[in-house]
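Here's the structure, in structure tokens; my notes come after.
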Amino acid sequence: MSELADFLFEVGMLQKTPRTGFQFLGSGCESVAEHILRTVYVGYTLCKLEPQADEMKTLKMCLFHDLPEARTGDMNYVNKKYVIVDEAKAVKELAESIPFGREIETLIEEFNAQVSLEAKLARDADQLALILQLKEYGDLGNKYSQEWISFAIQRLNTETARLLAEEIISTDSSNWWFKDKSDWWVNGTSRKNGQDENP
């Protein structure tokens, strides 16, 4: 049980590990854990659009794809020009410490190999999570976000992901909560059949 406790504390480090690319974007911040959360939801959505995919395997890859960053930290594209990270060593040492470690190691290896449909969807989910955040920052005025989005789109593997990316780019990020321009935004009430729902 002590190894499992260690593993769960290690997972907690992802909440404290920043995604470092935002220092170059000039706005925004996100922990690795926050990125993983959205990636899992995007992966789930992609699996619903690609029913031939093994949903559980895809979601596990989304969950574990950045787990090594608890040990290595997040290396952005500028860092990677100069720093070589031994992710394989980090994954191997993690895997050796827990009884289900080999499963995690295998999933990360498959994700990195990018051969299976599930690995491609998980990578697409990873990139779409980035695109969503970049779109949010672009809607708030970041002038660099669109160029970053254009590179992220080129990393997408599947037509399904490309179609979803097009929809994300053309949708205002506030639309989900602000599309109803009713009296609510003036008076804190909404009207239904001519009556206030919240008198």
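Just so it is clear, none of the values below were taken in a lab; they were calculated from the coordinates. Remember, it's a predicted structure, so these values are computed and weren't measured experimentally. Here the Cβ positions follow ideal geometry from the backbone for every residue, glycine too, while neighbour counts run over all protein chains shown.
Applying the criteria of a DSSP loop state and at most 14 other Cβ atoms within 10 Å to the chymotrypsin sites (Phe, Trp or Tyr not before Pro) of region 96-199 yields Phe100, Tyr144.
What separates the Cα centres of region 119-156 and region 65-81 is a distance of 18 Å.
Expressed in nm to one decimal, what extension gain is obtained for the pair Arg102 and Gln114 from 0.36 nm per residue of sequence separation less their Cα-Cα distance? Don't jump to the answer; show the numbers that get you there.
Details: separation 12, 0.36 × 12 = 4.32 nm, distance 1.85 nm.
Between Arg102 and Gln114, full extension yields 2.5 nm more.
Secondary-structure-derived ellipticity at 222 nm for the chain, considering helices only, amounts to -18500 deg cm²/dmol, per-run term -39500 (n - 2.57) for DSSP H runs with n ≥ 4. In whole angstrom, how far apart do the alpha carbon centroids of region 1-17 and region 171-190 sit? A separation of 40 Å, based on Cα centres.
Going by C-beta contacts inside 10 Å, put Leu59, Leu140 in order with the fewest on the left.
Leu140, Leu59
For Ser31, nonlocal amide neighbours, meaning residues 5 or more places apart or on other chains whose placed amide H falls under 5 Å from its own, are Arg19.
Between Gln52 and Ile169, what FRET efficiency follows from the Cβ-Cβ distance if R0 is 22 Å, with the result rounded to 0.05?
Details: r = 26 Å, r/R0 = 1.19.
With R0 = 22 Å, the Cβ-Cβ based efficiency is 0.25.
Candidate cross-link partners of Lys120 among the lysines, defined by an alpha-carbon separation under 21 Å and a same-chain spacing of 8 or more, comprise Lys48, Lys57, Lys60.
Remark: spin-label model distance Lys81-Asn187 equals 5.8 nm, labels positioned 7 Å along the Cα→Cβ axis.
Model label sites at Glu10 and Phe24, defined 7 Å from Cα along the beta-carbon direction, differ in position by 2.8 nm.
Binning the alpha carbon pair distances of region 2-196 at 10 angstrom intervals from zero yields the distribution 8, 30, 32, 18, 8, 3, 0, expressed in whole percent.
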